[in-house]
Amino acid sequence: MHFIDYSLIVVYLGLLLFLGFYRKLSKDSSPIELIVGGRMLTLPAFIASLVSTWYGGILGVGEYSYNYGLSNWLVFGLPYYLAAFLFALFLARKARQSELLTVPERLYQTYDNKTATAGSIVIYLMTVPAAYVLMLGVLCQYLFGWPFWLGVLLGTLFSIVYVYLGGFNSVVRTDVFQFALMFIGFIILLVILVVNFGGLDFLSSRLPEQHLTWHGGKSRLYIATWYVIALATLIEPAFYQRCYAAKSASVARNGILISILCWTVFDFLTTSCGLYARALLPELADPVSSYPVLALKVLPAGLLGLFALALLATVMSTVDSYAFLAASTFGNDIMQRMFHIGEDAVTRWTRVGLVLSVLLAVGFAVFFRSAVDIWYAFGSIGTPALLVPVFFSFVGNRRLPPRAATLSIVICGLLSLVWYISSYLNPEGAFWFGLEPVFPGLALSILIFLLFSRKQPEGLPNS
């Protein structure tokens, strides 16, 4: 990279810190100010924050597009659009009207403290930003030549230092800035690629045949599994947090619908660039690095720096959001549910949770070393545990009894966890009976709901 590229990155980091530190939380800030910014999130800020937060897995998308082509859209695009649409249709208004702060608070309101505690632990583990910390390390490795550990350390530090002092509002201010950068960078790269190498004819002549098929060489069951994992969107803490923070219920609903359009456009950009990476770099040793290596190959000084900013912004906007989600779950939910801390201690314990979540994220990143594997593992375990209890706490008039809800979260999550571990016990690396781990846990969760749910009496929450 050229001096001008590094200069752009230094300016970006400076602006990021300025926006993040612009307004710090006071010592007597309430949990509402800390976790949902006083419920003042406008429609443009809602869209920018949600779009940038939920698309942090940019190197995972590059890895999948490089390996399997257009099927990236069917695996990491369409199922999530559908799930987000369901969220907007059934949950967005109800979440905002509930006037809550976190998903575990809804579990407490609908069931009991034990259910909320179990849900808090699962949500905490699901929001630890391991995949995105991993991507920061890889990005810094390829862009700056740093060791992986140094990229993880410095990238994560710049992503969370302002969150420690500014809370949710700092996350939103930086997300708006990063939203603009991620689109600008990928538009520049795709235009350069098309102008210099041509369009579909070039790709058709240089790509493996399966890359332009809908399945990309993966099995129907594997692709179907991601549609089930995508249902985790219905329990996605980032969605709920932004709905809780929205100025109104209509902002929450319309913000998600417009965000779906933004993700569709961005998926077109990222998938197209992934195809060019495979066409131009067919022998790439590590597909996770496909975007940065492609940019280093084709972009001139200055534009390379802008694209590096797009990658950094896409990942860092998710690291700060999910680290803060994990931290707020730790401080507002786990510590309150298990140790009954007072409201005045929530801010302090949220900051402790922020540090713990980052340390845990680094550990998971080192263990998995694949963003797609991290999504798959945590999605396969967390979705069966929480989907049914959370979804039906907002929708319909049937509820599980508190004890059944707690057991559903614990047993179904453990079942999918054990099923996932079975692949490590099998010399061939296959799951038991060839069945993906998300299915047995989710099937048991649905069965528990069908057997034990009861019609809710009038006058109880969301009846």
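The values are calculated or read from the model by the stated rules, or taken from the named source; none is laboratory data. These numbers come from a predicted model, not from an experiment. We place every Cβ from the backbone using ideal geometry, glycine too, and count neighbours over all the protein chains shown.
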field: All positions within segment 360-407 that are outside any helix (DSSP H, G or I) and free of Cβ contacts under 8 Å to residues at least 12 places away in the same chain
entry: 396
query: Where residues in segment 197-232 are among the small types (Gly, Ala, Ser) and without any contact (Cβ under 8 Å) to a residue 60 or more places away in the chain, which of them is farthest from residue 438 (Cα to Cα)?
result: 198
- request: Given the conditions (1) surrounded by 15 or more Cβ atoms within 10 Å (Cβ to Cβ); (2) hydroxyl-bearing (Ser, Thr, Tyr); (3) farther than 21 Å from residue 52 by Cα, report the number of the one that residue 204 does not fulfil.
  value: (1)
message: I'd like the full set of residues that are in contact (Cβ under 8 Å) with a residue 12 or more places away in the chain and over 25 Å from the mean Cα position of the chain (by Cα), limited to segment 4-23.
response: 4, 5, 6, 7, 8, 22, 23
message: Quick test for you: out of 235, 256, 260, pick the one residue that is among the aliphatic types (A, V, I, L, M), at pLDDT 95 or above and crowded, with 23+ Cβ neighbours inside 10 Å.
response: 256
field: Enumeration of residues in segment 57-78 that are aliphatic (A, V, I, L, M) and either in a helix (DSSP H, G or I) or crowded, with 23+ Cβ neighbours inside 10 Å (or both)
entry: 58, 59, 61, 74, 75, 78
query: Consider residue 300 against the criteria (1) assigned to a helix (DSSP H, G or I); (2) surrounded by fewer than 20 Cβ atoms within 10 Å (Cβ to Cβ): it satisfies all of them except one. Which criterion is unmet?
result: (1)
query: Inside segment 85-196, counting only helices (runs of 4 or more DSSP H) that do not spill past its ends, which hold 3 or more residues that are closer than 17 Å to residue 326 by Cα and in contact (Cβ under 8 Å) with a residue 60 or more places away in the chain?
result: 103-110, 113-127, 130-144
query: In this structure, does residue 274 turn out to be assigned to a helix (DSSP H, G or I), within 30 Å of residue 383 (Cβ to Cβ), at pLDDT 90 or above and more than 19 Å from the chain's Cα centre (by Cα)?
result: yes
field: Residue that is surrounded by the most Cβ atoms within 10 Å (Cβ to Cβ) [pool: residues in segment 158-184 that are closer than 20 Å to residue 295 by Cβ and of a type in the set (A, V, I, L, M)]
entry: 182
field: Qualifying positions in segment 30-41 - β-branched (Val, Ile, Thr) and either closer than 21 Å to residue 319 by Cα or touching a helix residue (DSSP H, G or I) at 6+ places or on another chain (Cβ under 7 Å) (or both)
entry: 35, 36
